[in-house]
1. Please go through the stretch 63-100 and give me each residue that is more than 14 Å from the chain's Cα centre (by Cα), assigned to a helix (DSSP H, G or I) and surrounded by 12 or more Cβ atoms within 10 Å (Cβ to Cβ), ordered by number.
2. Looking at the stretch 12-54 only, could you name the residues that are touching a Pro at 6+ places or on another chain (Cβ under 8 Å), of a type outside the set (D, E, K, R) and surrounded by fewer than 16 Cβ atoms within 10 Å (Cβ to Cβ)?
3. Restricting to the stretch 114-157, give me the number of residues that are modelled with pLDDT of 85 or more and small (Gly, Ala, Ser).
4. Please work out if Ser103 is assigned to a helix (DSSP H, G or I) and within 30 Å of Leu155 (Cα to Cα).
5. Tell me, please, whether a residue that is modelled with pLDDT under 85 and of a type in the set (Phe, Trp, Tyr) can be found in the stretch 63-81.
6. Just checking, does the stretch 125-134 include any residue being in contact with a helix residue (DSSP H, G or I) (Cβ under 7 Å, 6 or more places away or on another chain) and either more than 30 Å from Tyr66 (Cβ to Cβ) or part of a loop (DSSP other than H, G, I, E, B) (or both)?
7. Can you tell me which condition Ala57 does not meet? The list is (1) outside the structural domain of Leu21 (by TED's automatic domain parsing); (2) surrounded by 12 or more Cβ atoms within 10 Å (Cβ to Cβ), and all the others hold.
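The values are calculated or read from the model by the stated rules, or taken from the named source; none is laboratory data. Note that the structure is predicted; figures quoted are calculated from it, not measured. Cβ placement follows ideal geometry from the backbone for every residue including glycine, while neighbour counts extend to all protein chains displayed.
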Amino acid sequence: MKDSIQWKLIETHYDEVVKHLVALKMGMVEADVFVKRFSRDNYKHPVYKALCEIGKAAKTIFLCNYLENENLRIEINASLNVVERLNSVMNFFFYGKLGEINSNDPEEQELSILCLHLLQVCAVYINTLLIQEILSDKTWRNKLKPEDFRALSPLFHAHFNPYGIFLLDLEKRLMIGKEDIIHDRSEKNSSQRESKTIAEALEN
């Protein structure tokens with residue numbers, strides 16, 4: 001805020017501001033109509049100016065409370081952490097193509113978002129069951145303080161593997177040379193011939 005709050009402007013147009021807000025509250029005017037009327041395109045409107053000054057006052061009051069009240073700062077920080085954790089989980093699951101929706105098809109976009117939400121809901125459900133199982137043990141539950149319970153969240157993903165599991169046999173030599181590939185193909189062909197011979201014998 002560069003300038004001081006113009007309290008006189010708020011006082012002059014206070015009744016008009018209340019009238020518009022009551023109309024919005026009672027559903028007499030749509031929210032999008034209200035926003036379009038009082039936007040930057042119509043910044044010279046006196047009610048718009050009064051609303052901006054009221055916003056400055058509300059922001060100033062909030063900042064004063066934020067700086068003075070430590071509990072408020074802790075609560076806000078915890079809420080922000082929840083949002084950041086949610087974004088982290090969504091980025092974790094939606095890691096393909098750098099997390100971007102490359103399709104221009106609305107149906108494909110909707111499908112991607114719905115699949116992402118499904119994975120997120122499944123993760124929250126599994127994590128909630130894990131948390132409940134741990135808290136059912138009195139030993140663990142008694143160790144937690146009230147602030148620990150407030151910090152509990154099912155939005156964690158360290159135990160998930162988004163890339164799948166690859167079993168590697170380190171005792172088996174990789175087929176790198178041409179001779180190895182030819183030898184492997186000949187073994188496969190011979191085993192296929194044996195299987196075919198056995199199948200024909202069983203049929204006869």
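1. We begin by selecting, within the stretch 63-100, every residue more than 14 Å from the chain's Cα centre (by Cα); these are 63-78, 96-98.
Pick out the ones that are also assigned to a helix (DSSP H, G or I) and you get 63-68, 70-78, 96-98.
Within the stretch 63-100, Tyr66, Leu72, Arg73, Ile74, Glu75, Ile76, Ala78 qualify.
2. Across the stretch 12-54, the qualifying residue is only Thr12.
3. Number satisfying all stated conditions: 2.
4. On the way: assigned to a helix (DSSP H, G or I): no; within 30 Å of Leu155 (Cα to Cα): yes.
Here the answer is no, as Ser103 does not meet what is asked.
5. No.
6. Checked the stretch 125-134: at least one residue is in contact with a helix residue (DSSP H, G or I) (Cβ under 7 Å, 6 or more places away or on another chain) and either more than 30 Å from Tyr66 (Cβ to Cβ) or part of a loop (DSSP other than H, G, I, E, B) (or both).
7. Exception for Ala57: condition (1).
To keep it simple, each residue is scored yes or no on (1) among the aliphatic types (A, V, I, L, M); (2) more than 30 Å from Asn161 (Cα to Cα).
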| site | (1), (2) |
| --- | --- |
| Phe34 | no, yes |
| Ile54 | yes, yes |
| Leu67 | yes, yes |
| Leu80 | yes, no |
